[in-house]
Structures are given as structure tokens and as C-alpha cells.
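Engineer: Attaching a single structure in C-alpha cells format; questions to follow.
Values quoted throughout were computed directly from the atomic coordinates according to the rules given, and no laboratory measurement underlies them. Everything quoted here is computed from the prediction, not taken from an experiment. Heads up, the Cβs are rebuilt from the backbone with ideal geometry, glycines too, and the neighbour counts pull from every protein chain shown.
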Amino acid sequence: MRLRLTALVVLACTAALLLASSGGARPKVPNGFFGVVPQTTLTEEDVRYMKAGGIESVRVPMFWSEIQPTAKGGYNWSGVDQAIMIAAGAGLRVLPTLGTTPGWVASKATTLPVKNARQRAAWTAFVRAAVQRYGPGGEFWTEHAPGGVGYVPVISPSIPIRAWQIWNEPNFFYFAYPVSPASYAKLVTISSKAIKQTSPNAKVVLAGLFGNPDESGKRGMDAAHFLNALYRSPGIKSRFDAVALHPYAFHVDDLEKLTEKLRAVVRAHHDSGAGLYITEMGWGSQNDPNVVAFEQGLHGQVRELRGAYEYLLANRHRLNLKSVYWYAWKDNPAYVTCHFCDSVGLFRAGARFHAKPAWRAFVGLTGGRARP
């Protein structure tokens, strides 16, 4: 009898392992946990693959400089409308990143719009307009509801935006200059007021902080030090619901250190209820680690992907982890200012879906399918 019971246990364990390796077992995670960041315009075929692969959320930029390029021209939401319509059509949530200052507000897009009353008023109006359009009961969803002027059956019922990310990597000169926790605290405060007044139950997510920039001073500050300085701003804890990190690293053990350091800052400021979002994470598939630290080759990309998700999934409760977004969906050789963006995708560049081994590893973790 003992031999038979042992055999049954072995068979059960083997079946469970086979199920997990075939993508049939999905870990218990919050809704929207598995996300991805597209580098190019989102298409209907993209979201079909995403949905099949177990992806539930996409991170989409809302570039203020493109939406309102002139002071008197109003807002042009057409590009964002298209992305949200396509995502919603597949049942995907959208996490928007609000940022980039238009030329009529400041001379550089990297200037945080907090220096004077005119800048602050213009930013506040933009943030409020975005929430009014895409939040619960927003104009976009009303227009596309049955009977609306832009009714499209595929996106009903609506999937309104309920979380808003404020800027991108303000601790790195490429996105914010000068790097200033105090200025970013002002931006978070006025953004939070605009969001919560329009949608009281919305979540405010801090910008994804670049884990460890090579620059220092006004050009860069590591994520943990930046967040620690941000917390020193009076009343700032009440202005956001989650912190975010971009733990780009040579290997997974470095990613773990960056994540633990950031969470330690949150705990040190008695803010353990704040959620954590990893809004960018990735490695390239080219084999150039000595040139670009984040490029590890095809097999290295798989190794780092698996290791990172295994760590994050195993520690998600302790970290209060809400979502993880792989950067990026597809390679983008045209992105010349980013040295690893040409190979960081789960698929190769182009209209065809030429999957890398990393995509199959990813769907093995999500419990999804490699093809629709």
C-alpha cells in the first residue's frame, strides 16, 4: 500500500511540474500583475498575442508635449485614444505615464513644470483633463459606450484608468533636469490634488526610478537616495499610493539588491502600506555585456528573466508588489538613444511575430500561450 501511495504522489508531483512547465499553472497574483511596455505603436495583433500570453496590463506614455503642443490649441488625444481603444479591446488595463513638458511651458521637455504659477496651472489642467477623459465615467468611455458618438462594441464594457504614474525617471537627467527630489515632490503634490479631486478613488504611482544611474549631482541620483530625500518633503506620504522602480541591472542579484534597498527606504519612513510597481525591467538579447550591461545574449535574456520573476513572485507579499512590466514588447532598432532597446523585446522587430526564447519562458511563468 505504501508503495502504491508513493507512486501516486510521484505521479501527482510529476503532473504538477508538467502543468507548470507547459504554461498551464498561473501563480496567484494581483489583477494586472504581468505587464509589458511597448516601444512602438500598439496594434490589434500585438494585444492578441499579449492576451494569449497572460499579459494583463500595458504601460502607455501620455506625452504632454504631444497632446498639447501649443498653449491655445487644446488637447489632441487621438494617439492615446487609439492605444487605449486597442488595449481595452483585448481586456488589457492601461497604466499611463504622464510627462514631458511642451515648449510653450519650458524650453526643455525635461523641466519639471513647477517653477512658477503658470507652469503649475498648465500641468494641473493637463492632468485633470487626462483623468476626466480616461478615468471612471470619463469622456472617452462615454463616447464609446452604446449610443455614444464613437461606439465600438469591442471595448464595452469600459476599462477605465484607475492608477496614474507621475513622470518617468526623475532621478536621471535624460528625463528630468536638474535632478531634484524637492521639485519632484512639488510635482507629485499638485498632480495628486488634480487626480484625487477628479477621481477620488484613483491611485497615484510615483515615477519609476532608475535603480542606479551612472551620473551624479544634478544629472543623477540612485533610486534609494532619491526616494529617501523625497520622503523628507512635508506631507508627501499622503500624496501617493505606490512607489515604482526600474531596476536595470547586470544580473538578477543586482536587481534584488536595488529592490530591497528601495523597499527598505519605504519601511524606514513607516510607509509599508505603499505598494511597489516595477514599471520597467528587462535585458537585451544581443551578446554585448561589456558594451551594454543589460545585454546578455539570447540565453542570458532567458536566464535573467526567469531569475527576476522567480524572485519577485516569491517575495511579492513582503514587497507589497502590485505589477511588473517587462521592457519591452518588441525590439526597436530605430531607438538610437537607448543602447539596448534594439534587443530588449520578447519579439524581434517588425510586423511579424518572431518570438525569442524569452517569450516562451515568459508564458511559462504566466500560464499563458505562446500564440493566440
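Engineer: Looking at LEU227, LEU321, LEU255, which is the one that is within 19 Å of LEU209 (Cα to Cα), in contact with a Pro (Cβ under 6 Å, 6 or more places away or on another chain), crowded, with 19+ Cβ neighbours inside 10 Å and not aromatic (Phe, Trp, Tyr)?
Structural biologist: Going through LEU227, LEU321, LEU255 in turn, the sole match is LEU255.
Engineer: Could I ask something else about it? Any chance the stretch 208-224 includes a residue that's without any contact (Cβ under 8 Å) to a residue 40 or more places away in the chain, under 17 Å from GLU280 (Cα atoms), within 19 Å of the chain's Cα centre (by Cα) and surrounded by 18 or more Cβ atoms within 10 Å (Cβ to Cβ)?
Structural biologist: Taking every residue of the stretch 208-224 in turn, none turns out to be without any contact (Cβ under 8 Å) to a residue 40 or more places away in the chain, under 17 Å from GLU280 (Cα atoms), within 19 Å of the chain's Cα centre (by Cα) and surrounded by 18 or more Cβ atoms within 10 Å (Cβ to Cβ).
Engineer: Something else: Can you go through ALA242, ALA202 and tell me which one is touching a helix residue (DSSP H, G or I) at 6+ places or on another chain (Cβ under 7 Å) and surrounded by fewer than 22 Cβ atoms within 10 Å (Cβ to Cβ)?
Structural biologist: ALA202
Engineer: For the stretch 126-141, what are the residues that are in a helix (DSSP H, G or I) and either touching a residue at least 40 places away in the same chain (Cβ under 8 Å) or crowded, with 21+ Cβ neighbours inside 10 Å (or both)?
Structural biologist: PHE126, VAL127, ARG128, ALA129, ALA130, VAL131, GLN132, ARG133, TYR134, PHE140, TRP141
Engineer: To continue, here is another question. Scan the stretch 248-268 for residues that are without any contact (Cβ under 8 Å) to a residue 40 or more places away in the chain and in contact with a helix residue (DSSP H, G or I) (Cβ under 9 Å, 6 or more places away or on another chain) and jot them down.
Structural biologist: ASP253, GLU260, LYS261, VAL266
Engineer: So, one more: Which ranges mark the helices (runs of 4 or more DSSP H) fully within the stretch 31-103 that have 2 or more residues being farther than 26 Å from LYS356 by Cβ and in contact with a Phe, Trp or Tyr (Cβ under 6 Å, 6 or more places away or on another chain)?
Structural biologist: 64-67
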